[in-house]
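Undergrad: Structure in structure tokens, see below.
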Amino acid sequence: MNATNSSVKVGDFLLGDLVVDRDTRIMEVTALNNLIDQASQVSNRYSRSEILVLPSINVKETQKKVDQLAKDIRELDNLIQATNWNTDLI
């Protein structure tokens, strides 16, 4: 399988490079989702004198980035799967 991935070209890229790109984006989405989860947690204050915790990132913009990355991952995965179906293993 590695020999096939390192020799089959999809456009200007090798199939193996597309697989690595997809997996890297998946890791990035996972990290950003964890960041969003942490930044979205609400801390309960019992009085006005307690410290108010605010997120240090723009959650809305970060979620938009996650959504775009998820779309890119789906498109890459579709391209990889289509190439796999149309390519014989070496």
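Undergrad: Check the range 22-35 and report whether any residue there is open to solvent by 80 Å² or more (accessible area, probe 1.4 Å), of a type outside the set (S, T, Y), more than 30 Å from G11 (Cβ to Cβ) and free of Cβ contacts under 8 Å to residues at least 60 places away in the same chain.
TA: Yes, because at least one residue in the range 22-35 is open to solvent by 80 Å² or more (accessible area, probe 1.4 Å), of a type outside the set (S, T, Y), more than 30 Å from G11 (Cβ to Cβ) and free of Cβ contacts under 8 Å to residues at least 60 places away in the same chain.
Undergrad: Further question on the same structure: Could you check how many residues of the range 60-86 are of a type in the set (S, T, N, Q) and open to solvent by less than 40 Å² (accessible area, probe 1.4 Å)?
TA: Of the residues in the range 60-86, 2 are of a type in the set (S, T, N, Q) and open to solvent by less than 40 Å² (accessible area, probe 1.4 Å).
Undergrad: To continue, here is another question. Only one of I57, I51 is more than 29 Å from T83 (Cβ to Cβ), open to solvent by less than 60 Å² (accessible area, probe 1.4 Å), free of Cβ contacts under 8 Å to residues at least 60 places away in the same chain and of a type outside the set (G, A, S); which? Quick ask: steps written out before the conclusion?
TA: Numbers: I51 fails: open to solvent by less than 60 Å² (accessible area, probe 1.4 Å).
Exactly one residue qualifies, and that residue is I57.
Undergrad: What's the number of the only condition in (1) surrounded by 11 or more Cβ atoms within 10 Å (Cβ to Cβ); (2) of a type in the set (A, V, I, L, M, F, W, C); (3) closer than 29 Å to T83 by Cα; (4) at pLDDT below 95 that A39 fails to meet?
TA: Among (1) surrounded by 11 or more Cβ atoms within 10 Å (Cβ to Cβ); (2) of a type in the set (A, V, I, L, M, F, W, C); (3) closer than 29 Å to T83 by Cα; (4) at pLDDT below 95, A39 violates only (3).
Undergrad: Now for a separate question. Determine if the range 2-17 includes at least one residue that is farther than 24 Å from D72 by Cα and either surrounded by 13 or more Cβ atoms within 10 Å (Cβ to Cβ) or small (G, A, S) (or both).
TA: Yes, the range 2-17 contains at least one residue that is farther than 24 Å from D72 by Cα and either surrounded by 13 or more Cβ atoms within 10 Å (Cβ to Cβ) or small (G, A, S) (or both).
Undergrad: In this structure, does L89 turn out to be more than 27 Å from L18 (Cβ to Cβ) and of a type in the set (A, V, I, L, M, F, W, C)?
TA: no
The values are calculated or read from the model by the stated rules, or taken from the named source; none is laboratory data. All values reported here derive from a predicted model rather than from experimental measurement. Note that we place each Cβ from the backbone using ideal geometry, even for glycine, and neighbour counts take in every protein chain shown. Just the protein is used for accessible areas: all its heavy atoms, side chains included, with ligands, DNA and RNA removed. Shrake-Rupley method; radii C 1.70, N 1.55, O 1.52, S 1.80 Å.
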